[in-house]
Amino acid sequence: MAMSVVVKSWTVEIEADLIDELKKKPYLWDIKHPYYTRKNLKKVSYEEIAEILKERWPEYAGNFQYDLMLAKFKNLRSQYRRERKRMLTFKSGSGGQGFIPKWEHFQRLSFLDDG
C-alpha cells in the first residue's frame, strides 16, 4: 500500500530556510553560473536541501519534494521580481521616499540581483 504524502502550507520560516539554502548554491539560480544547465547536479542539490529541511521541519516533510521546492522557489523569485520592479518604477509625486517593499522575503532574496 502506497504511503500518502501530506503537503502543508509553507510558513514564512520554512520559506526563509529554503531561500537561505538555495543562496548557498548559485548554480541553482544564477543563469551565468557555468553549472546552471547541469540538471542532474540541480536535482541532487535540491535533494540535499530537502534532507536539511526535513531535519529542521519533519512535520513538513511532504513539502520537500523536488518539484514542489522548485515550484516554491519559482513563485518566490517571481514575487521578488514583481516587488523589485515596483520599487524601481515607482514614481513619487511629492518627492517622497518612493516604494519600499514590505514583503518579508524581499531583502533575503536580494542575492538574485547578482544572477
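As a footprinting exposure proxy, order 72, 102, 43 by other Cβ within 10 Å, with the fewest listed first. Intermediate results must be reported in sequence, preceding the final value.
Details: 72 18, 102 7, 43 12.
Fewest-to-most Cβ neighbours within 10 Å comes out as 102, 43, 72.
Note down the relative contact order for the chain as a percent, whole number, built from C-alpha pairs under 8 angstrom at least six residues apart.
Taking the mean separation of contacting Cα pairs over the length of the chain, I get 30 percent.
With a point put 7 Å past each Cα toward its Cβ, work out how far residue 103 is from residue 32 in nm, to one decimal.
2.2 nm
Residue 43 versus residue 66, label points 7 Å from Cα toward the beta carbon: distance in nm?
0.3 nm
Considering the Cα trace of segment 12-113, what is its radius of gyration and what is Dmax, both in angstroms?
In order Rg, Dmax, the Cα atoms of segment 12-113 give 15.8, 52 Å.
Exposure proxy check: 90, 99 ranked by fewest other beta carbons within 10 Å?
Details: 90 12, 99 16.
With the fewest neighbours first, 90, 99 line up as 90, 99.
Throughout, read-outs are computed from the coordinates displayed, never taken from laboratory work. Model, not experiment: these values are computed from the prediction. When we count neighbours, we look across all protein chains shown, and the Cβ atoms used for this are built from the backbone with ideal geometry, even at glycine.
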